[in-house]
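Only one structure is covered here, and it is reproduced in the block below.
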Amino acid sequence: MAAAANGADWLCAALAGQGVSVLFGNPGSTELPLTDALGRQDRLRYVLGLHEATVMGMADGYAQATGRLAAVNVHVQPGLANAMSGILNAARARVPLLVTVGQQVQALLPGAPFLGGEMVAFARPLAKGAWEVERAADLPTALERAVRVALTPPCGPVVLSLPLDVQVA
């Protein structure tokens, strides 16, 4: 894998390296680095949906149709809230999904920023696993763990919270 310009570039390359060819998403401001990175590469196709429930359904159907891990990206805590019914459905149907969630800059989190919030505790009751990446250097380990957990029988959805500062590091 070629050197990445930032965490978002690395994530795109790593997802493609894991066999993910499509990223479904409903982006917002905290996903701008990921959106920019998608435009700088050609191995990962982006499918835009206008609501998180829609992209969750598309990713779930894609995973079931292909028998492979599907990836979906949603925007901060309200986006994760809108995706929760899809996470529940994937958990019950044992569908391997990687759900990445844009998160606010970590330094802002203690002040309860607009649309920010605790993603891991929110997702954990339904997802097979949920983690927040705190440093860009931890992104490879976190992604490897998330993919492994999602694909280990019984398969299921995992959630990876990606703070904006991790994506641009």
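The values are calculated or read from the model by the stated rules, or taken from the named source; none is laboratory data. Just so you know, these numbers come straight off a predicted model, no measurement behind them. Cβ sites come from the backbone with ideal geometry, for glycine too, and all protein chains shown count toward neighbours. SASA here: full protein model, heavy atoms, side chains in, ligands and nucleic acids out. Shrake-Rupley method; radii C 1.70, N 1.55, O 1.52, S 1.80 Å.
Here are a few things to note about the model shown:
- Residue match in the stretch 157-168 (condition: within 16 Å of the chain's Cα centre (by Cα), modelled with pLDDT of 95 or more, surrounded by 22 or more Cβ atoms within 10 Å (Cβ to Cβ) and part of a loop (DSSP other than H, G, I, E, B)): no
- Pick from the stretch 70-89, criterion among the small types (G, A, S) and open to solvent by less than 10 Å² (accessible area, probe 1.4 Å), ranking: nearest to the chain's Cα centre (by Cα): A71
- Selection status of V120, surrounded by fewer than 18 Cβ atoms within 10 Å (Cβ to Cβ), within 15 Å of the chain's Cα centre (by Cα) and within 23 Å of N26 (Cβ to Cβ): yes
- Residue list for the stretch 1-10, restricted to those being open to solvent by 30 Å² or more (accessible area, probe 1.4 Å) and under 14 Å from the mean Cα position of the chain (by Cα): W10
- Residues in the stretch 27-69 that are of a type in the set (A, V, I, L, M, F, W, C), touching a strand residue (DSSP E or B) at 6+ places or on another chain (Cβ under 8 Å) and open to solvent by less than 70 Å² (accessible area, probe 1.4 Å): L34, L38, L44, V47, V55, M56, M58, A59, A63, L69.
- If the condition is being more than 16 Å from the chain's Cα centre (by Cα) and open to solvent by less than 60 Å² (accessible area, probe 1.4 Å), then the stretch 90-104 contributes only A93.
- If the condition is being closer than 15 Å to N73 by Cα, modelled with pLDDT of 95 or more and in a helix (DSSP H, G or I), then the stretch 111-149 contributes A123, L143, A146, V147.
- Residues in the stretch 11-26 that are in contact with a Lys or Arg (Cβ under 7 Å, 6 or more places away or on another chain), crowded, with 16+ Cβ neighbours inside 10 Å and outside any helix (DSSP H, G or I): V22 alone.
- Inside the stretch 24-53, residues that are touching a Pro at 6+ places or on another chain (Cβ under 8 Å), farther than 18 Å from L97 by Cβ and not polar (S, T, N, Q) make up a count of 0.
- Residue in the stretch 76-84 that is of a type in the set (A, V, I, L, M, F, W, C), modelled with pLDDT of 95 or more, under 24 Å from W10 (Cβ atoms) and outside any helix (DSSP H, G or I) present: no
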